[in-house]
1. How large is the dipole of the stretch 112-201 about the Cα centre if only Lys and Arg carry +1 and Asp and Glu carry -1, each at its Cβ, rounded to the nearest 20 debye?
2. Computed on alpha carbon atoms, what radius of gyration and Dmax characterise the stretch 151-243, expressed in Å?
3. Rg over Rh of the stretch 230-346, using C-alpha atoms and the Kirkwood radius, what does it come to?
4. List the residues, sorted by chain then number, that are 5 or more residues from residue 144 or on another chain and whose placed amide H is less than 5 Å from its amide H.
5. Quick check for you: with a 1.4 Å probe and neighbouring chains kept, what is the accessible area per residue of the stretch 246-303, in Å²?
6. Please work out the average accessible area per residue across the stretch 9-75, using the 1.4 Å probe convention, and give it in Å².
7. Take a quick pass over the chain and tell me how many lysine pairs come in under 17 angstrom between Cα atoms, counting only ones 8 or more apart or on separate chains.
8. Please give the calculated 222 nm ellipticity per residue for the chain, where each DSSP H segment of at least 4 residues contributes -39500 (n - 2.57) and the sum is spread over every residue; nearest 500 deg cm²/dmol?
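The values are calculated or read from the model by the stated rules, or taken from the named source; none is laboratory data. Since we're looking at a predicted model, the values are computed, not measured. When we count neighbours, we look across all protein chains shown, and the Cβ atoms used for this are built from the backbone with ideal geometry, even at glycine. For the accessible areas, the whole protein counts, side chains as well, though only heavy atoms, and no ligand, DNA or RNA atoms are used. Shrake-Rupley method; radii C 1.70, N 1.55, O 1.52, S 1.80 Å.
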Amino acid sequence: MQITVLGAGVIGLTSAYYLNRAGHQVIVVDRHADVAAETSYGNGGQLSYSYVAPLAGPGVLSKLPAWLSRKDSPVRFRPSVSLEQWRWCLKFALACTRKHSNTTTRRLLSLSFSSRALMHELVRDELQLDFDFEHSGKLVLHRDAHAMQNAVDLLQFQRSLGCEQEALSADACVELEPALASVRAEIAGGIYTRSEDTADCYRFCKGLETILRARGVQFAMNTSIDELRLTRGGHIEARSGSVTLPSDNIIVATGTGAARLLKPLGIHVPVYPLKGYSLTYSLGPQSIAPKLSVTDFARKVVYARLGDRLRVAGMADLDGYSLKPDAARLATLRAETAALFPMVATDQRDVTEWTGLRPATPRGTPIIGPTPYRNLWLNIGHGALGFTLATGSAALLTSWFDHQRKPSPVSNHFTFDH
Ligand SMILES: Cc1cc2nc3c(=O)[nH]c(=O)nc-3n(C[C@H](O)[C@H](O)[C@H](O)COP(=O)(O)OP(=O)(O)OC[C@H]3O[C@@H](n4cnc5c(N)ncnc54)[C@H](O)[C@@H]3O)c2cc1C
């Protein structure tokens, strides 16, 4: 079948890959000249298969006042007049219960475990993919005993769902990751997950693009989709200016661009941008940088070694669609890095700053599958986990597509009216 994939981020490209492998004729469309030019460009580089618990957790609402009153807090909310933003916030607040959080975690773990297996298959089979992929393992640091106890409780819940994780003392954390030696006194403990990976999402996307082109997938870059239109025959067509694109089947994988594209069709997806930042340090011979992937839980900052670079990412700002960087937020991220890893970079010129918008749903589950329109499908809303969940989501979409819209018990968890 002919399929047009809208969006050449990590979700669109992996969708194109699995659909093409299943024998379909695929065109990928994007408004930029290059693939992965938006959120998939500079993300945290974490393939974080065991850390999928949503932001909407039971303890979050009580932490919000403290987060919102501090300038350097990891989460920030700038109220606007947008109804879309307020609707999203209400749904988020309603999702902040133990029951919802456990259900979401269980669903996401099933998707992330299949994503891990598929990513490892890709790394093994597609030899030309070179994207700083490492089986790095992940250490999540906790700074107080209460947070550490909560993490151990979560570990026990996740163990029942198949995650293999270990609780470590502060000394054991430093033994595992010597770059933490200077902050030993600030660590209460950590959770180590051996099975986590890290990689460069942009390089992954570039590699996939090369593979897809070689397999005959076409790319229509510099092509902005202005409208999805319902024809008299009940078919949806994608329009760019006055041009109608091939529209036998359309997959929407436009990240934070999805809600606005779908709204005129009466499809209201709760996908809203959560702005984040990253820094990429070029490491020199004097740098003492972590080899493990490290997460500072209290500060919600992640650190990943990507070859001879260190990627640092964090912040979650709910303040609309603007990509304008906030110098104070970037300065906070630099200060966090300098405090945890003082020997990473002293030369400020060797740091690249980046801002991106996570396509977030209130509950933290992506939206994958058919819509009420027969030829229109969605693969959107992967929030803070798009790189991690990309392969599993794309394979799920492909299998659902090939089974003529008959949902499986797994696919049912990711429908658009969840
Ligand atoms: C700071 C930060 C750190 C992160 N860290 C991690 C991490 O460590 N691990 C992880 O798994 N995830 C992480 N994420 C999340 C991850 O990056 C995203 O979930 C993922 O990139 C989303 O991919 P996407 O393809 O849906 O969106 P995008 O990459 O944004 O791709 C959507 C594409 O659609 C195109 N598009 C949109 N509208 C239109 C239109 N109308 N016409 C034509 N083209 C259009 C855009 O140009 C874009 O190329 C992070 C995100 C941020 C911001």
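1. 380
2. When restricted to the Cα atoms of the stretch 151-243, Rg and Dmax are 24.4, 68 Å.
3. 1.18
4. It is 188, by chain and number.
5. 35
6. For the stretch 9-75, the solvent-accessible area averages 38 Å² per residue.
7. 9
8. -10500 deg cm²/dmol
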